[in-house]
Amino acid sequence: MTIPRLIGSLLLFATAGVGCGEAAADAKAPAGAAAEPEVRPLGRIVPVPASVTPEGEPYTLTAATRIGIDETSGASRAIGRYLAGLLGPATGFPLPVVDDSAAGRGIHLRLAPDETGLGDEGYRLVSAPEGLTLTAREPAGLFRGVQTVRQQLPSAIERKSVQQGPWKIAGGTVTDTPRYAYRGAMLDVARHFFTVDEVKRYIDQLALYKVNTLHLHLSDDQGWRIAVDSRPLLTTHGGSTEVGGGPGGFYTKAQYREIVEYAASRYQEVIPEIDMPGHTNAALASYAELTCDGVAPPLYTGTKVGFSSLCVPKPATYDFVDDVVREIAALTPGRYLHIGGDEAHSTSHDDYVTFMNKVQPIVAKYGKTVVGWHQLTGATPAKGALVQYWGLDRTPAEEKERVAAAARNGTGLILSPADRTYLDMKYTKDTRLGLAWAGYVEVRRSYDWNPATYLPGAPADAIRGVESPLWTETLATTGDLDVMAFPRLPGIAELGWSPASTHDWDAYKVRLAEQAPRFDALGITWYRSPEVPWPAE
Ligand code: TNX
């Protein structure tokens, strides 16, 4: 976002007064926690690590600190440079990346393939005055561990200009592996378009909380956001607007690859979503042959859902799906392709089943695994498919049971309950942005539930993880995204990463409060929930 836009939205916050959730909540915030200690106790981070053993004196970063890597691995070199890039600006230290043997009392990034207990993303951090050693079996584990190093340092480490040290990391050992392999966040770039740089900014925010999956909602009634060479009108026409009638936009293939590569450099897998057969007005407006009456509807800039459908009986529909899936699969190094399938209120049940039976094999033909919103369980999810549950406490028991039955049958579940994880829900009635159809979702509500036991009748091992969707009907700027995601996103990230045994709101809210100066240092606009003992302003 541009500086004038940023200033504009800050002014909006400042002048909105009562009726603005951010401002109204400030007055009610409990007495704040003390200023940051010089050394953050080991493990006082988000997500909380699985195992923490404080011991001995802290490690101190100095102007002489070097980052040692195993020269044989290009991945560890890149992570070393990334770490130097994180710590360099605020410390002012050069932090050269060198061979491990030359790093002495510095930071050591070590890949140890025999450390099988650390799995694909786990790491061990040993901090002592003699050095700081991160060990992982895989590069992804080193990357997650780097986020721990970063959070153990004072929040000023996040600033882009030289700050006062000292830069100490408490002594001891952290051994940490994730609870769930799937820890996602979804960004809706269809209702409002967000540029490559804006998406990268979100990727960086996700990285800090060890999120490993970025689900991009690339098409909806209001816009088609990804170039498909065989169907150029999808973007030139279907991408030309957005909610409210703004200019919209789309990613060229090169831009989309840039997002995917950037995400990969943060060890995040991108899952592209093309929502079908509903949520397709932008496609129907671009290609009249996709409608049953052959008449293209006008572009749509409102916020209703459930009024559009691809024409299920027409062969042209499957030629279209084949073109789109083929091209997007070719752009996707990740395993999954999300086909949506939600709110197909204008598609009959029989047509919905027919459509899913035809489309899922197309996804498989191009080498990808299907992900769908949980309505897909109303048809037959393909073998190996994942479904994303977005129900609420009040969702009818039969619907929950249908999803649970699919899970017992081998379908993996991603949990995104709307009344817990939807980052576009208002926190309270006073929240300026967002929707409220799933109710208000305050910070405690979004954190305080257990994915393993959440859906009655779903086996715990069917739960692949959690994801927090950020729908953007009401969100147009990065400041808007920030204030809805923060501080709920870190809580969902912790549900995905930290062991169930650590789940404790009273402990979490203190660690979350300690993130506030980090949000500020990163330039993140955030909601000062009265449920959290934030530091005094
Ligand atoms: C429901 S959840 C939707 C989206 C909306 C969202 C707004 C789901 C799969 N569909 O189309 O953007 O609510 O909160």
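Throughout, read-outs are computed from the coordinates displayed, never taken from laboratory work. Here the structure is a predicted model, which is why all the values come from computation and not from measurement. Note: ideal-geometry Cβ built from the backbone for every residue, glycine included; neighbour counts use all protein chains shown.
Among the chymotrypsin sites (Phe, Trp or Tyr not before Pro) within region 278-338, those in coil by DSSP and having at most 16 neighbouring Cβ atoms inside 10 Å are Phe307. With the Cα gyration tensor of region 202-351 giving a ≥ b ≥ c as the square roots of its eigenvalues, does the rule (a/c under 1.5 for rounded; else a/b larger than b/c for prolate; else oblate) give rounded, prolate or oblate? It comes out prolate by the Cα gyration axes. Evaluated with a Cβ-only charge set (Lys, Arg +1; Asp, Glu -1), the chain carries a dipole of roughly 540 debye about its Cα centre, given to the nearest 20. Given axes a ≥ b ≥ c from the Cα gyration tensor, I'd like to know whether the chain is rounded (a/c under 1.5), prolate (a/b larger than b/c) or oblate. Because a/c hits 1.5 or more and a/b exceeds b/c, the chain counts as prolate.
Annotation: peptides 78-87, 528-537, ranked by per-residue average of other Cβ atoms within 10 Å with the highest first, follow the order 78-87, 528-537. Neighbours of Cys292 by Cβ distance under 14 Å: Lys/Arg scored +1, Asp/Glu scored -1, total -2.
A simple rule links phi to the HN-Hα coupling: the Karplus curve 6.51 cos²θ - 1.76 cosθ + 1.60 with θ = phi - 60°, which for region 281-295 gives 4, 4, 6, 4, 5, 8, 9, 4, 5, 7, 9, 6, 8, x, 10 Hz, with x for Gly and Pro. Candidate cross-link partners of Lys304 among the lysines, defined by an alpha-carbon separation under 26 Å and a same-chain spacing of 8 or more, comprise Lys314, Lys400, Lys426, Lys429.
Placing unit charges on each Cβ (+1 for Lys and Arg, -1 for Asp and Glu) gives the chain a dipole about its Cα centre, and among Trp373, Ala344, Thr62 the Cα reaching farthest toward its positive end belongs to Thr62. Rounded to the nearest 20 debye, the dipole size of region 446-532 about its Cα centre is 80 debye, using +1 on the Cβ of Lys and Arg and -1 on the Cβ of Asp and Glu. In a simple Cβ point-charge model (Lys, Arg +1; Asp, Glu -1; nothing else charged), region 273-333 has a dipole of about 200 debye relative to its Cα centre. Rounded to whole numbers, the Karplus 3J(HN,Hα) couplings from phi for region 225-233 are 10, 10, 5, 10, 4, 6, 9, x, 5 Hz, using 6.51 cos²θ - 1.76 cosθ + 1.60 with θ = phi - 60°, and x at Gly and Pro. Calculated FRET efficiency, Ala264 to Thr72, Cβ-Cβ distance, R0 = 30 Å: about 0.90 to the nearest 0.05. For the chain, the longest principal axis of the alpha carbon atoms and the long axis of helix 196-208 meet at an angle near 50°. Kirkwood analysis of the Cα pair distances in region 474-521 returns a hydrodynamic radius of 12.0 Å. Taking other Cβ atoms within 10 Å as a rough exposure proxy, Thr428, Thr478 sort from fewest to most as Thr428, Thr478. Rounded to the nearest 10 degrees, the inclination of helix 315-330 to the longest alpha-carbon principal axis of the chain is 20 degrees. Taking the DSSP beta bridges with both ends in the chain, the antiparallel portion is around 30 percent. So which chymotrypsin sites (Phe, Trp or Tyr not before Pro) in region 410-449 pass both tests, a DSSP loop state and at most 14 other Cβ atoms within 10 Å of the Cβ? Answer in residue order: Trp437.
Each part reduced to its alpha carbon centroid, region 312-381 and region 423-449 end up 31 Å apart. Among residues other than Gly117 with Cβ under 13 Å from its Cβ, the summed charge is -4 (Lys and Arg +1, Asp and Glu -1). Net charge of the neighbourhood of Gly92, taken over other residues with C-beta under 13 Å away and scored Lys/Arg +1, Asp/Glu -1, is +2.
Which listed residue (Leu118, Gly248, Thr301) has the Cα farthest towards the positive end of the charge dipole for the chain, taking +1 on Lys and Arg C-beta and -1 on Asp and Glu C-beta about the Cα centre? After comparing all options, I get Leu118. For Met276, nonlocal amide neighbours, meaning residues 5 or more places apart or on other chains whose placed amide H falls under 5 Å from its own, are Gly340, Gly341, Asp342. Cross-link reach is defined here as a Cα-Cα straight distance under 16 Å, omitting same-chain residues fewer than 8 places apart; for Lys365 the aspartates and glutamates meeting it are Asp319, Asp322, Asp323, Glu327.
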